Amino acid sequence: MLSIYRAELSKLLSRLPARLGLIVALVMGVAMPMVVYGGRWAAFAAGTSMALSAGAPTMDWSPPELHSGLLWALRTRNFFVMGTFLILVGSVTFAAEYQARTLREDMLRAVPRVALLFAKWAALVSWAFASLLLTWIPCLLGSLVLMSGGDKLLAISAGFAASGLADVALVSFVFAVSVLTRSVPGTIAGVFLFYVLDYALGLALGVASALHAYPRGYEWVGTIVDQVQPWLFSSAMNAWKGWDPTVPWAWQGLVMLCLVIVGSFTASVAAFQRMDVP
Amino acid sequence: MEVRGLTRRYGKHVVVDSLDLTVQVGDVYGFLGPNGAGKTTAMRCILGLIRRDAGRVELLGQADITRARAQVGAIIETPTFHGWMSGRANLEQAALLSGLGAQTKPEIDRVLERVGLADRAKDRASNYSLGMRQRLGIARALLGRPKMLFLDEPTNGLDPSGMHEMRELIRSLALHDDITIFISSHLLAEVQAICNRVGILRDGKLRAEGTVAALIEEARGQGIVEVGAADKAALERALGAIDGITVAGAGTAGRVRVRYGELPLAQLNRRLLDAGVEVEALVPVTRTLEDVFMEVVQ
């Protein structure tokens, strides 16, 4: 099993989108503390210069808080950047191989279908974690060098952990769609369509929840709407925002992410077991 | 390999219909049939790439095909590779999947040497010619020293020298590596040259099976002879009057092709002479596997 996993991981890491994703993750991790620090320094320099020309007393320099680089890195990676790579890499892992018929060559070895699928999924999950760590670790180290103070380091790191869970859920979902559609464009379109529907549903529920104007006798609808909303995929994907003390951790979102992971992998196995490989 | 009642349908269309096959250890078995006869589908079913609707397959004494594949190498249609990887890296992938462990490097070196690709192993697979890809496919199939090899149209798309190289390679694998080979091909002369047994498939059904020699011998009873005479019109009239034979068209050098069936040639000659035809030539047409194939599939 380990050698099948190694084969899949080395193959995945040799793919261009996967490499590019890791580079972007690393660049985010390295650059973000510098960007935040540089931004603060530029603001300070501009403020000092203005104060000097106005004859006002200048401010003392204070570096950004320790967590601010991590926070911006977390926000940036979760603003479609890594999501895009997760979808790309997730779709090529199975669908591209099916289309290129290289999957057939793997199937001609003495490898059980479930083991092959699990190895592909595990390689994807490893890649997703690696991309997370490539942002988190350099960002943390850079922040420790450049910044000081602040008390949200642990909370934001917990946000990174929740973000990792969301990445695994997304990549598992993309993987399942790629097994079901067996096509890269089909996977991307399927995931996009699901996102649109999920967001539309979330929006509709949000509007309904905000209105609170249900006819007499139908107030229970409002209760259901409020209960359903945290379970939506899009809400669950934002579970990382629980790092903020003013936003409570949505446990439903975390549970939903786990359900998506288990459900997606189960669906992938069920589909692949019956699949004809050309 | 033992296949019994193998059936595969696509909707209402039966592509492989109750196929029975037996391949003995050491056989080089030619699996023949026209395009669309169901050869590739049957091979895919046997190897577990696609589901079978009915039937039983045993490979190397095992009904568990996944497990049996540990001792089987295969090329189905054109072998495919990860084009951005080198030939060697592609083989390393396959070796990892096969769990060759410490044997990986020497085994890859061995198969690359075997197919004559050792010098080009570091090149990207996408830069390989079709012939090189076929050879790399064979190298991959040979990883782990399989006991049986499935080759689906291994000479497809190759130029004459590539075909020659491939034929020599297959022949040498059968002779020197003690590998049982199951090969599908359209090149009947090649199959006749390298296979000891053949099966001919048409419309998903096995129409003929046996040793090449036996099939040709069996067909000899439906032999063809070319008859030549100075007076061709008289010859054709005389042939039309003889029972048990049929005129099968024009032969070479103005002769007439005759399917003589069970009638001995000497008697055919005698009847023609009796009918006043001055027979100039009576040339039996040598039967080949191609003749047998054409008779079975038409």
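Below is a table of values for the structure above.
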{"read-out": "Filter pass, B:Glu113 being in a helix (DSSP H, G or I) and over 21 Å from A:Leu108 (Cα atoms)", "value": "yes"}
{"read-out": "Single match in A:Val207, A:Val228, A:Val168 (criterion: assigned to a helix (DSSP H, G or I), among the β-branched types (Val, Ile, Thr), at pLDDT below 95 and within 19 Å of A:Ser91 (Cβ to Cβ))", "value": "A:Val168"}
{"read-out": "So B:Gly276, is it part of a loop (DSSP other than H, G, I, E, B) and touching a residue at least 12 places away in the same chain (Cβ under 8 Å)", "value": "yes"}
{"read-out": "Pick from segment A:40-80, criterion at pLDDT below 85 and among the β-branched types (Val, Ile, Thr), ranking: farthest from A:Val24 (Cα to Cα)", "value": "A:Thr58"}
{"read-out": "Pairs where the first residue, in segment A:264-278, is away from chain B (no Cβ under 14 Å) and the second is β-branched (Val, Ile, Thr), C-beta under 8 Å, 6+ apart", "value": "A:Ala267/A:Val179; A:Ser268/A:Val179; A:Val269/A:Val114"}
{"read-out": "Inter-residue pairs, beta-carbon under 6 Å, first closer than 16 Å to B:Gly83 by Cβ and of a type in the set (Gly, Ala, Ser) and in segment B:103-131, second in a helix (DSSP H, G or I) and at pLDDT 90 or above, 6+ apart", "value": "B:Ala121/B:Gly87; B:Ala121/B:Arg88; B:Ala121/B:Leu112; B:Ala125/B:Gly87; B:Ala125/B:Asn90"}
{"read-out": "Matching option when the condition is at pLDDT 80 or above, under 21 Å from A:Ala100 (Cβ atoms), out of contact with any Cys (no Cβ under 6 Å at 6 or more places or on another chain) and not small (Gly, Ala, Ser), among B:Pro154, B:Pro146", "value": "B:Pro154"}
{"read-out": "Residue pairs meeting the criteria (Cβ under 6 Å; at least 6 apart or on separate chains; first exposed (fewer than 12 other Cβ atoms within 10 Å of the Cβ), in segment A:49-70; second among the hydrophobic types (A, V, I, L, M, F, W, C) and at pLDDT 75 or above)", "value": "A:Trp61/A:Phe44"}
{"read-out": "Residue list for segment A:84-108, filter: buried (at least 23 other Cβ atoms within 10 Å of the Cβ) and polar (S, T, N, Q)", "value": "A:Ser91, A:Thr93"}
{"read-out": "Count - residues of segment B:73-88 that are polar (S, T, N, Q) and free of Cβ contacts under 8 Å to residues at least 60 places away in the same chain", "value": "2"}
{"read-out": "Residue in segment B:59-106 that is nearest to the other protein chains (Cβ to nearest Cβ), counting only those that are in a strand (DSSP E or B) and under 30 Å from B:Asp20 (Cα atoms)", "value": "B:Ala74"}
{"read-out": "Residue in segment A:109-129 that is among the polar types (S, T, N, Q), within 12 Å of chain B (Cβ to nearest Cβ) and surrounded by fewer than 20 Cβ atoms within 10 Å (Cβ to Cβ) present", "value": "no"}
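Okay, residues lined up against (1) surrounded by 13 or more Cβ atoms within 10 Å (Cβ to Cβ); (2) touching a helix residue (DSSP H, G or I) at 6+ places or on another chain (Cβ under 8 Å); (3) modelled with pLDDT under 80; (4) assigned to a helix (DSSP H, G or I):
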| position | (1), (2), (3), (4) |
| --- | --- |
| B:Val198 | yes, yes, no, no |
| B:Ile216 | yes, yes, yes, yes |
| B:Ala233 | no, no, no, yes |
| B:Glu262 | no, no, yes, no |
| B:Leu282 | yes, yes, no, no |
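The values are calculated or read from the model by the stated rules, or taken from the named source; none is laboratory data. Predicted model only: the values in this text are computed from it and were never measured. Quick reminder, even Gly has a Cβ in these numbers, built from the backbone with ideal geometry, and neighbours come from all protein chains shown.
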